[in-house]
1. Condition check: at pLDDT 95 or above, crowded, with 20+ Cβ neighbours inside 10 Å and either over 15 Å from the mean Cα position of the chain (by Cα) or of a type in the set (Phe, Trp, Tyr) (or both). Does Ala161 satisfy that?
2. Can you say whether His163 is in the same structural domain as Ser252 (by TED's automatic domain parsing), outside any strand (DSSP E or B) and over 18 Å from Ile254 (Cβ atoms), as far as the supplied structure shows?
3. From Thr256, Thr226, Thr264, which residue is over 27 Å from Leu93 (Cα atoms) and either outside the structural domain of Leu87 (by TED's automatic domain parsing) or under 23 Å from the mean Cα position of the chain (by Cα) (or both)?
Amino acid sequence: MSQPRSGRARPGLASDAILPPNPAATLPRNRVGVLLREWRAARRVSQLGLALEAGISPRHLSCVETGRAQPSRDLLARLAEALGMPLRERNALLVAAGFAPRYSESPLGTPELARIRHAIECILVQQEPFPAFVLDRHWNILMANQAALRVNQSVLRGRPAAHGNMIRQFFDPDDLRAAVVNWEEVAGELIRHLHSAVAANPADEAGRALLKEALAYPGVPPGWRTRSLDAAPKPLLTTVLRGEGRDRAFFSTITTFGTPRDVTLDELHIECCFPSDEETAEWCRVLSGRS
């Protein structure tokens, strides 16, 4: 739980970096076919199954995957829909085939998303005096309400969180992790989600890097390095924080946007935290001055 950072550094290219004469030559010649095969493997769908779902012949799909046939824009849209690809990856599939991206990617601060941002702000305010956050697909905290900041400051004894990313907060021993009473239970669930997200999206290199980073923190059980398909998740996960010498328990609900047509909205989710008991609820009210 943390105050979102105002921005994130973007890596640049050193002035003396040497690029290959033709960067495109380093990519697979049939990038569309490679992407489709990767996504079929991630979704565990056979070539026949995908062809039937997209309404084409298996032979045609085979030709697309091997590069013997050039797919149309409409066919790519049907294949992406059948595979349940996120909007960002649908754009990448189109670009790989030489088409323009279909879906825009608008920052929350742009006029195009002004009404959406207002709706998000209303949710955050309505959640008071309990915490709420807006996160992107890589768990970066984009927005948070005042309750989230108050709770963080209380359990961290007045100091700010070290990270603006929820995964790093929960795995760094010098951050929120130190205040999580049931850390192994909560962190284990977060790792399960990360493993599942990486397995479901073969193109998400940033997600893969975040998983690797989380596993590299001290005290992480070795068994977490492999994805477990056996353990069934609990119906409800409670996060227990120790603040002011007492344990405070919260459970969360997740809100996403229905049928988004923008990459930014497709990747956003709003996490609202609710007290698991009256003592925690009263503590939140006291922090807000409402009690």
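The values are calculated or read from the model by the stated rules, or taken from the named source; none is laboratory data. Only a predicted model underlies this, so the values are computations on that prediction, with no experimental measurement involved. All Cβ positions, even for glycine, are placed from backbone atoms using ideal geometry, and neighbour counts span all protein chains on display.
1. For Ala161, the condition - at pLDDT 95 or above, crowded, with 20+ Cβ neighbours inside 10 Å and either over 15 Å from the mean Cα position of the chain (by Cα) or of a type in the set (Phe, Trp, Tyr) (or both) - is not met.
2. Spelling it out, His163 is indeed in the same structural domain as Ser252 (by TED's automatic domain parsing), outside any strand (DSSP E or B) and over 18 Å from Ile254 (Cβ atoms).
3. Values: Thr256 fails: over 27 Å from Leu93 (Cα atoms); Thr264 fails: over 27 Å from Leu93 (Cα atoms).
Going through Thr256, Thr226, Thr264 in turn, the sole match is Thr226.
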